[in-house]
């Protein structure tokens with residue numbers, strides 16, 4: 001099987017644009033999965049369904065070397081696109097605002113290149129096209145359905161607009177934070193706004209809880225443990241002359257250290273309950289754990305860094321990017337099971353759309369990353385590089 005590199009990358013960009021035009025939310029990626037599976041079939045790559053809308057592909061299954069898995073996520077977000085691109089989303093209120101279309105297209109380009117050089121691979125390769133990264137715990141479901149069977153180590157990446165194109169980060173240890181969300185239902189006794197003395201005002205109590213929660217990070221946790229706690233909503237629907245019966249507080253937190261989670265959750269519970277009681281109110285706190293911190297294994301992180309430096313040069317590893325990134329990734333599930341590493345790879349080339357943060361309606365994936373990361377993945381699995389690469 002002969003493959004022309006430039007044509008392969010051009011086809012992958014086209015594939016990315018097609019995925020971008022047809023985004024699907026977590027656990028709804030059926031057309032996306034069909035496109036991926038049809039392309040794997042066309043390339044002669046064996047595959048199977050995994051976790052419903054996920055797909056596993058295999059190369060060099062009988063090779064004796066290290067069995068490496070390469071992962072891409074495939075789901076989109078409930079955001080109305082405002083890029084104005086020719087390949088803009090054709091689905092109202094849904095777009096690939098995090099670059100998973102580019103991740104999937106890159107893994108597909110890698111699949112095609114590796115298939116053309118399958119006899120030269122150093123060991124078996126599993127291609128992991130994963131659904132539902134955006135809060136749907138897709139990685140967990142993929143693992144439960146056997147995605148890591150026989151795999152020795154796994155690698156993944158995420159484009160990152162806050163890092164310049166041509167640079168990346170892949171530290172030992174924590175690269176992205178764990179996260180969680182919480183809801184606090186504050187119950188009081190409503191009444192007429194002119195008679196607050198006969199009411200138990202949940203709005204006042206909710207406001208006090210919000211202020212008190214902000215003291216957790218500032219005064220209750222060590223400054224060495226990077227933590228973010230954000231109250232993101234307060235709801236107490238009522239008329240202008242009515243004190244309501246109840247108020248609801250919503251928020252999220254990010255933790256760089258896994259051991260911080262239990263302590264932080266207990267502090268949210270204790271502070272909300274005690275503050276509500278001080279205002280003669282009751283409250284109910286519900287915490288929803290989401291993803292754990294994404295913690296790289298040192299040996300695999302070093303391999304990824306070596307590939308980055310071979311590909312991007314001696315200045316390819318960013319020295320200025322704050323680590324860990326406080327966003328979260330369900331790649332953490334894989335790293336809890338087997339050795340592996342996750343890298344953040346810069347997308348900022350000076351163009352407006354490549355500087356917009358992930359989850360922005362003006363964000364667009366930088367297609368220059370497809371060739372770059374396809375070469376990185378090829379280095380990790382011992383595949384030959386296209387002519388002109390070092």
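The values are calculated or read from the model by the stated rules, or taken from the named source; none is laboratory data. Everything numeric here is computed off the predicted structure, so don't read it as measured data. Note that each Cβ is placed from the backbone with ideal geometry, even for glycine, and that neighbours are counted across all protein chains shown.
Tabulated values for the structure
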read-out	value
Test: residue 134 is assigned by TED's automatic domain parsing to the domain that holds residue 370 and touching a helix residue (DSSP H, G or I) at 6+ places or on another chain (Cβ under 9 Å)	yes
Residue in the range 192-213 that is at negative phi, modelled with pLDDT of 95 or more, assigned to a strand (DSSP E or B) and surrounded by fewer than 18 Cβ atoms within 10 Å (Cβ to Cβ) present	yes
Enumeration of residues in the range 4-28 that are in contact with a helix residue (DSSP H, G or I) (Cβ under 9 Å, 6 or more places away or on another chain), under 12 Å from residue 96 (Cα atoms) and outside any helix (DSSP H, G or I)	22, 23, 24, 26
Residue ID - surrounded by the fewest Cβ atoms within 10 Å (Cβ to Cβ), chosen from residues in the range 215-225 that are part of a loop (DSSP other than H, G, I, E, B) and in contact with a strand residue (DSSP E or B) (Cβ under 8 Å, 6 or more places away or on another chain)	225
Residue within the range 276-286 that is touching a strand residue (DSSP E or B) at 6+ places or on another chain (Cβ under 8 Å), surrounded by fewer than 16 Cβ atoms within 10 Å (Cβ to Cβ) and closer than 20 Å to residue 336 by Cβ present	no
Conditions (1) over 14 Å from residue 51 (Cβ atoms); (2) assigned to a helix (DSSP H, G or I); (3) out of contact with any strand residue (DSSP E or B) (no Cβ under 9 Å at 6 or more places or on another chain): number failed by residue 115	(3)
Residue 65 vs. criteria more than 20 Å from residue 362 (Cα to Cα), part of a strand (DSSP E or B), in contact (Cβ under 8 Å) with a residue 24 or more places away in the chain and assigned by TED's automatic domain parsing to the domain that holds residue 373	no
Failed item, numbered, when residue 183 is tested on (1) closer than 14 Å to residue 251 by Cβ; (2) not assigned by TED's automatic domain parsing to the domain that holds residue 281	(2)
Scan of the range 227-260 for residues that are surrounded by fewer than 19 Cβ atoms within 10 Å (Cβ to Cβ) and under 28 Å from residue 296 (Cα atoms), ordered by number	228, 230, 251, 252, 258, 259
Residue list for the range 271-306, filter: over 22 Å from residue 208 (Cα atoms) and more than 22 Å from the chain's Cα centre (by Cα)	299, 306
Complete set of residues in the range 173-191 that are surrounded by 17 or more Cβ atoms within 10 Å (Cβ to Cβ) and within 30 Å of residue 339 (Cα to Cα)	174, 175, 176, 177, 178, 179, 180
Odd one out for residue 44 among (1) farther than 24 Å from residue 143 by Cα; (2) surrounded by fewer than 22 Cβ atoms within 10 Å (Cβ to Cβ); (3) touching a strand residue (DSSP E or B) at 6+ places or on another chain (Cβ under 8 Å)	(3)
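One line per residue, one yes/no per condition, for (1) in the same structural domain as residue 248 (by TED's automatic domain parsing); (2) touching a strand residue (DSSP E or B) at 6+ places or on another chain (Cβ under 7 Å); (3) more than 27 Å from residue 151 (Cα to Cα); (4) assigned to a helix (DSSP H, G or I):
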{"residue": "306", "(1), (2), (3), (4)": "no, no, no, yes"}
{"residue": "321", "(1), (2), (3), (4)": "no, yes, yes, no"}
{"residue": "330", "(1), (2), (3), (4)": "no, no, no, no"}
{"residue": "345", "(1), (2), (3), (4)": "no, yes, no, no"}
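Yes or no, residue by residue, for (1) within 25 Å of residue 382 (Cβ to Cβ); (2) touching a helix residue (DSSP H, G or I) at 6+ places or on another chain (Cβ under 6 Å):
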residue	(1), (2)
249	no, yes
258	no, no
279	no, yes
289	no, no
302	yes, no
318	no, no
